[in-house]
Amino acid sequence: MRLKNKTINLIILCSIFLFSIIVFFNTWSAMISIWIRSDTYMHGFIIIPASIWIIWQKKSTHPYLLPTKTSLLGLMFLILNGFLWLMGSIVNAQIIQQYSLVGILIGGIWFYIGNLGVKKIIFPLFFLYTMVPVGEAFIPYLMEYTADFTVNLLRLTGISVYRENMNFTLATGNWSVIEGCSGLRYLIASATLGIYYAYTTYTKAYKRIIFTLFSIVLPIIANGFRAYIIVMIGHLSSMRLAVGVDHVIYGAVFFALIIFTMFYIGSFWRDPEPEETNIYKINTKPYKYTLRNASFISCVLIVCISIWPLINKTIQLKYHAQTNIPKQSLFTIQNNWQEIKSPNWGWEPKFDEAVNESLKYFTNQEQTIGLYQVNFGDESQGKELVNTRHTLIRKEQNKQWINIKQTSVPLKIISTTVDFNVLINKKNNIYITALNWYQIGNYKTNNSYNAKLYQLLKRLSINTAPETYNIIFTKNKNSDNIHIIKRNEVLEYINNSIK
């Protein structure tokens, strides 16, 4: 009987995983494609094998070899994550879809093996969440921290530094903190390894929590020292070292030393291995398999897993967003504003994969202002209105343009808060002021999370009004000195002139 139950259990558990791949193939595919193209998230390939290995190492304590009793809590967890996947799918929020997909997988296993089973393998199950590629939203903050840390440490060392946003200049040369310098790759790798190490090394919960936090804080601090050391090597060698491929090599070696140090420190508080209690010695009420029980469990899993893509498909068939660009009355109703051709400032906004876009310039004889609007229609993977890849400065412009200021400010003419940016052309010393915001139907916001929420509410109500991203931009008249570009003066000019 035990062998039969073991075989049935393993077959059903494998079927849950395979069925999730079939039903949510696009979500799995999107996640795996990120693992492939990004070194930062390549660890995703080993998370599932690592979880299986942990379970197998302590297989004698796992009740999946015993007759199983299903869990209502597990079923509720599965349904909740299915609903969250549906909400994320409606607005093409990949991070929500991917986390929910892992939750669906955990919920299916939890429902089948029961609460007793989940208690024994709760870590390897929830460790699966670490395979979700997340963290890009922290890059600007990590870059800011790295720049602050490096510049302050250089000044403490007695070295004169002039900083301009993410760029700083020493007597020996110029340096820039780019995305690769943010340390996100080190942070994610360290946190993932730290979580795994904490579980396999300690048995006390407080030790696991402390070491996990340590594995997150340490790489952030260490990345600041890494950047400082690389700049110092370049400075002391008159920019002969640490400015090419050796820059990457030094960083990799430093990270390896940090990981070794982290594990070495953690080893001092290692807990002894606990005595394992064989699960077969636990007095549990047997649950006998019958064809009816197996059929019922399978049907429940099939329905609760597959229903969400079907609902999403139904909503998509009914909903088709308008792809037109709504007319903005900011300029068109004013007699003193006339549309003109492009003034050729050397920069203009451009978002790829748009369904429809509009770029117009207007002048009132004193000032020229550009208006860019873009519509992504029904959206699809990689072609969303709210997407971190939509930036004012495209990759091919990074060598020439930089964003020296970004903040949120109120804009009276549209009665909402917008993003305020100042772009500078490093070669021609041209300054561009850009104000940007989302418009979802009649709702306007510069907050990407609010934009996603209103997209969801709008689509659930089958409201097909256009959804656009809008940018007002102008060449700053006082472009000879960055310090006289004052946010309030620019806003006052735009608010007073467009009325």
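The values are calculated or read from the model by the stated rules, or taken from the named source; none is laboratory data. Since the structure is predicted, the reported quantities are computational estimates derived from the model, not experimental observations. All Cβ positions, glycine included, derive from the backbone under ideal geometry; neighbour counts span all protein chains shown.
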Checklist entry - Within the stretch 147-166, is even one residue small (Gly, Ala, Ser) and touching a residue at least 12 places away in the same chain (Cβ under 8 Å)? => result yes
Item to check | Matching entry among Arg270, Arg292 (being loosely packed, with under 15 Cβ neighbours inside 10 Å, more than 29 Å from the chain's Cα centre (by Cα) and at pLDDT below 85) | outcome: Arg292
Checklist entry - Are any of the residues in the stretch 425-441 assigned by TED's automatic domain parsing to the domain that holds Asn375, crowded, with 18+ Cβ neighbours inside 10 Å and in a helix (DSSP H, G or I)? => result no
Checklist outcome for this item: Thr169 meets each of (1) free of Cβ contacts under 8 Å to residues at least 40 places away in the same chain; (2) part of a helix (DSSP H, G or I); (3) among the β-branched types (Val, Ile, Thr) with one exception, condition (2)
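Every residue, every condition in (1) within 21 Å of Ile220 (Cβ to Cβ); (2) of a type in the set (A, V, I, L, M); (3) out of contact with any strand residue (DSSP E or B) (no Cβ under 6 Å at 6 or more places or on another chain); (4) surrounded by 18 or more Cβ atoms within 10 Å (Cβ to Cβ), yes or no:
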residue	(1), (2), (3), (4)
Gly135	yes, no, yes, no
Pro140	yes, no, yes, no
Met143	yes, yes, yes, yes
Ala147	yes, yes, yes, yes
Val151	yes, yes, no, yes
Gly158	no, no, yes, no
Thr172	no, no, yes, no
Checklist outcome for this item: Here the residues within the stretch 167-197 that are out of contact with any helix residue (DSSP H, G or I) (no Cβ under 7 Å at 6 or more places or on another chain) and of a type in the set (A, V, I, L, M) are Ala171, Ile178, Ala189
Checklist entry - Within the stretch 460-472, can one find any residue that is of a type outside the set (S, T, N, Q), free of Cβ contacts under 8 Å to residues at least 40 places away in the same chain and either surrounded by fewer than 20 Cβ atoms within 10 Å (Cβ to Cβ) or within 23 Å of Thr363 (Cα to Cα) (or both)? => result no
Item to check | helices (runs of 4 or more DSSP H) lying entirely in the stretch 65-126 (those with 1 or more residues that are free of Cβ contacts under 8 Å to residues at least 24 places away in the same chain and farther than 22 Å from Tyr199 by Cα) | outcome: 72-90, 94-120
Checklist entry - Pick from Glu348, Glu339: which is at pLDDT 85 or above and among the charged types (D, E, K, R)? => result Glu348
Checklist outcome for this item: Counting only residues in the stretch 27-36 that are more than 15 Å from the chain's Cα centre (by Cα) and loosely packed, with under 15 Cβ neighbours inside 10 Å, the one farthest from Leu86 (Cα to Cα) is identified as Ile36
